[in-house]
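The values are calculated or read from the model by the stated rules, or taken from the named source; none is laboratory data. Model, not experiment: these values are computed from the prediction. Reconstructed Cβ throughout: ideal geometry from the backbone, glycine too, with neighbour counts over all protein chains shown. Protein only, heavy atoms only, side chains kept; ligands, DNA and RNA dropped before computing areas. Shrake-Rupley method; radii C 1.70, N 1.55, O 1.52, S 1.80 Å.
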Amino acid sequence: GGYDEGLAYSFNQNRRSGADEVLSDYFSQRNTDNWVIPEYSEADVAENIRRLEVMVSGHPETRFRFFMPAYSILWWNRAYEQGIFEDYLNTLSVCFQVLLQYDNAEIYSTNFNNASIIVDLNQYVDLVHGSVQVTEMMTREIGEGGRKITFLNYKEELSTLREALTEFRDRVEKEGF
């Protein structure tokens, strides 16, 4: 009953977007005693990036398109609270440096660091998944080939994400959630 072929792969079908939904999800998982914080080792990160590089370098006839999804600011804030935000930024930086060496690899920003989107919890259904509008925006940006991350702008893109999180954290400390 209710199957819609157009929504067959939609993770947010029958889900409501909005700040109340996202905050409820965030606070329901806020008990830090239950957090499983991933252990990152430089060797594990290097191996994962090496595997991507092997795939890209081993298939020069294939154009690879990677994209940075627009996770909500609360997802990034959770990483900050768990002490792994810097690990994520470092991993992204290394990954960008490696993949951008290849002509057949493209990386797209898709507003992953745009504060007007990622801080607006009304644009999300949970900490990770954007509303239909966010998903469509990301799809359009990839399809149109805009907002590419390059050797010239990758540091600025990561800095913009850091600034968005810093501004959010400052506001939360002053005003609360």
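Structure data summary
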quantity: Within segment 124-149, tally of residues that are surrounded by 12 or more Cβ atoms within 10 Å (Cβ to Cβ) and closer than 23 Å to residue 104 by Cβ; calculated: 7
quantity: Leading residue by the ranking (nearest to residue 20 (Cα to Cα)) among those in segment 116-133 that are part of a helix (DSSP H, G or I) and in contact with a Leu (Cβ under 9 Å, 6 or more places away or on another chain); calculated: 121
quantity: Residue that is touching a residue at least 12 places away in the same chain (Cβ under 8 Å), over 23 Å from residue 23 (Cβ atoms) and of a type in the set (Asp, Glu), where the choices are 141, 136; calculated: 141
quantity: Segment 45-70 - residue that is hydrophobic (A, V, I, L, M, F, W, C) and in a helix (DSSP H, G or I) and, of those, surrounded by the fewest Cβ atoms within 10 Å (Cβ to Cβ); calculated: 54
quantity: Residue satisfying condition, being hydrophobic (A, V, I, L, M, F, W, C) and over 24 Å from residue 45 (Cβ atoms), within set 121, 92, 100; calculated: 121
quantity: Sole exception among (1) farther than 23 Å from residue 17 by Cα; (2) open to solvent by 30 Å² or more (accessible area, probe 1.4 Å); (3) touching a residue at least 12 places away in the same chain (Cβ under 8 Å); (4) of a type in the set (Ser, Thr, Tyr) for residue 166, by number; calculated: (3)
quantity: Test for residue 155: is it modelled with pLDDT of 95 or more and among the basic types (Lys, Arg); calculated: yes
quantity: Residues of segment 90-107 satisfying the condition of being surrounded by 17 or more Cβ atoms within 10 Å (Cβ to Cβ) and either hydrophobic (A, V, I, L, M, F, W, C) or within 20 Å of residue 60 (Cβ to Cβ) (or both); calculated: 92, 95, 96, 98, 99, 100, 105, 106, 107
